[in-house]
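The values are calculated or read from the model by the stated rules, or taken from the named source; none is laboratory data. Please read all numbers here as calculations on a predicted model, not as lab measurements. Cβ coordinates were reconstructed from backbone atoms using ideal geometry, including for glycine residues, and neighbour counts include every protein chain displayed.
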Amino acid sequence: MPPLYHLDPYELCVYKPKGLYCTVEIDLVSDGSTDEGNELMKMIREYSARTETHYNHTRLHHGICVTDICQKYLAQNTTEDLKVVLEGCLNSSFWEKYKLKTRINEDLVCNNKDQTFELEPGDIGVAVIVICLIILNISGIIYDCFAFKKKDHEVNKLLRCFSIRHNWRKLVAPVASTNEKRFKRLKSFNGLRAITIFLVITEHALLPFMVASDNTLFLEDMYHNTLYHIFLYGTILVQTFFIISGCLLAYYLQIWSEKKDLNWKMIPKGIIMRWLRLSPSYAVVLAISSTWLRLFGSGPLWDQVVNSEVQDCRRDGWLHLIYINNYIDNSLCMVHAWYLAADMQLYIFGLVLLILVQTEYARKAALSVMFVIALIIPALHTYIQNLNAYFLPYPESTRFFFVADPTFNNTYKRSHTNLANYILGLGLGLLIHKMQKEKFNIKKYKKFKFLYWALVPVGIGVIICSGLFYMDGASPSLLLKAVYSSLIKPVVGFLTSLLILGLVFKMENIYRGILEWQGWTSPARVSYSAYIIHMLLIRSITGTRTTLIHVTFPYFVLIQVGTGLLCYLVAFPFWLLIEAPIAQLVKLIMPMKDIEKVKSN
């Protein structure tokens, strides 16, 4: 078959006199209305029909040095439209090699050395904001050098917010400053958060392989290898965040209710504090993605990987700041941020539910009813809309960032289809508080620690079971897929909840020793920064590639781990210069001490 991806040498072409390099999406067509008589085209269509494990090899992504490959056609057709000229050139070469015709699917994206970009008002506005942040940080550093001996009441609190040294001390502090000893039993959440974010980033680091590989057969064969299924189905890991978020909300509300009554006034305050906690840093990344990101580089993949996101962020960015972007489809703007929107919506649901329903019996009844409804919802979606049993990253949908994947759009990123694990998290937080209050003793249950150790292997096994839906020749019934879609998330959530329960009450010292390691504290604090910036980095690195990647397993792992480490390394200065200063500034401007324990962690 013709190669799915092909890139002519980019720099050698662009920097030639009158050099012109174009990136095109090519549709293969047979010479005639049908594929009869063209065995190659027939085979390509049959091979591509297996969408679960194969790319669509009838649509090719090629980077063409027009001035080299199509020089003869340019000379003969100087007045013709460039798209017509290039299509004629490609038709000639593909017919000679494969007896196939081509059709250019979309508008051409062409580059040359004289290409320029004009600054726009939005670019200038974002630049002014970033410069102001830099000036404030420099001022904070200078001020802190002269005021470090002053007492707290004598310090300029505004400038102290932007002191890197002050923020660094907060970043490396061993534990959060609190008088509530029970919070220390949640120390393992630092390890869970840091590790899960790292694994999610490594999952997304597969992007370069999926859009710029010279051996796509390796990637397609990967779907048939059980070893690789752990990489492919890591999307389920995001459910850990919903468990943690729901657990912390319920737990902090219960701690707060011991001193003061919960009332409806806490609902708007909690929502405002949550928005102010998440949005400033998010808005900075969103603003850069909408403006300056398009100027960060160029290459044959730049338009597909980067410029497409810039255009969609300009159109849909405001939807992100009101956290409804997970209900907007066909948008490439910060696709990974669907989780932030879903978590915000579920946070509001949990806050309203726990404040309006306060008796233990009523809460049990409400959570039980909502949990049953949460199980039914994804099953109905799957059955009625004929979706996959779970969101499976098919090769072709990955190539286009899942925006057209019906399962991703309808059952993966919506808040109402992730409700089950958030309810499990709420129940877990209430249970932990009650068990601590009753001084629960876990010693008599330690004889079951071998079963407890099995939780992680069983969880991995459950994830790998999703591979059953990739099997060739197997077509699960729609009813089976509906049942599986209903249960897969809650099963993983239940195993995670048991793991957390054992960590909090010291069931054993292996998992707890790993997750309560003091070294996770700082990475956990910057994990939000790492999450919101990681796709910007991955897209930029991928978009600047000018050559294809030859995929091997060692290189596969190297890129994943390296990308994860890079994103965390960038997250540290981002936290020090942007997230931490703005978060402290918000507290300074809008002090709401009565709701601080309800905020997002």
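Of all residues in segment 94-112, count the ones that are under 20 Å from Arg59 (Cβ atoms), at pLDDT 80 or above and surrounded by fewer than 16 Cβ atoms within 10 Å (Cβ to Cβ).
Summing the residues that are under 20 Å from Arg59 (Cβ atoms), at pLDDT 80 or above and surrounded by fewer than 16 Cβ atoms within 10 Å (Cβ to Cβ) in segment 94-112 gives 5.
Are there any pairs with C-beta distances below 6 angstrom linking a residue in segment 352-376 that is charged (D, E, K, R) to a residue that is outside any helix (DSSP H, G or I), with the two at least 6 apart or on different chains, and if so which?
Going by the 6 Å Cβ cut-off, the qualifying pairs are Arg363/Val357.
Inspect segment 515-526 for any residue being touching a residue at least 40 places away in the same chain (Cβ under 8 Å), assigned by TED's automatic domain parsing to the domain that holds Leu293, assigned to a helix (DSSP H, G or I) and under 30 Å from Met370 (Cβ atoms) and give the result as yes or no.
Scanning segment 515-526 turns up at least one residue that is touching a residue at least 40 places away in the same chain (Cβ under 8 Å), assigned by TED's automatic domain parsing to the domain that holds Leu293, assigned to a helix (DSSP H, G or I) and under 30 Å from Met370 (Cβ atoms).
In the same structural domain as Ala365 (by TED's automatic domain parsing), within 30 Å of Glu508 (Cα to Cα), out of contact with any Cys (no Cβ under 7 Å at 6 or more places or on another chain) and surrounded by 14 or more Cβ atoms within 10 Å (Cβ to Cβ): which single residue out of Leu487, Leu392 fits that description?
Leu487
Evaluate segment 61-72: report whether one residue or more is closer than 25 Å to Met222 by Cα, modelled with pLDDT of 80 or more and in contact with an Asp or Glu (Cβ under 9 Å, 6 or more places away or on another chain).
Yes, that holds for at least one residue.
Can you pull out every residue in segment 383-428 that is assigned to a helix (DSSP H, G or I), closer than 26 Å to Glu360 by Cβ and among the polar types (S, T, N, Q)?
Selection gives Asn421 alone.
Looking at (1) touching a residue at least 40 places away in the same chain (Cβ under 8 Å); (2) hydrophobic (A, V, I, L, M, F, W, C); (3) out of contact with any Leu (no Cβ under 9 Å at 6 or more places or on another chain), which one does Leu430 not meet, given that it meets all the others?
(3)
Restricting to segment 1-33, and then to whatever is part of a loop (DSSP other than H, G, I, E, B) and among the acidic types (Asp, Glu), can you tell me which residue is surrounded by the fewest Cβ atoms within 10 Å (Cβ to Cβ)?
It comes out as Asp31.
Any idea which residue in segment 371-409 is farthest from Ser48 (Cα to Cα), counting only those that are polar (S, T, N, Q) and touching a Pro at 6+ places or on another chain (Cβ under 9 Å)?
Out of the qualifying residues, it is Gln385.
Looking at Thr547, Thr542, can you tell me which residue is assigned to a loop (DSSP other than H, G, I, E, B) and within 30 Å of Gly63 (Cβ to Cβ)?
Exactly one residue qualifies, and that residue is Thr547.
Identify, by number, the condition in (1) hydrophobic (A, V, I, L, M, F, W, C); (2) in contact with a His (Cβ under 9 Å, 6 or more places away or on another chain); (3) surrounded by fewer than 23 Cβ atoms within 10 Å (Cβ to Cβ) that Leu375 doesn't meet.
In the conditions (1) hydrophobic (A, V, I, L, M, F, W, C); (2) in contact with a His (Cβ under 9 Å, 6 or more places away or on another chain); (3) surrounded by fewer than 23 Cβ atoms within 10 Å (Cβ to Cβ), Leu375 misses (2) alone.
Any residue at all in segment 215-230 that is modelled with pLDDT of 85 or more and in contact with a Pro (Cβ under 7 Å, 6 or more places away or on another chain)?
Scanning segment 215-230, I find at least one residue that is modelled with pLDDT of 85 or more and in contact with a Pro (Cβ under 7 Å, 6 or more places away or on another chain), so the answer is yes.
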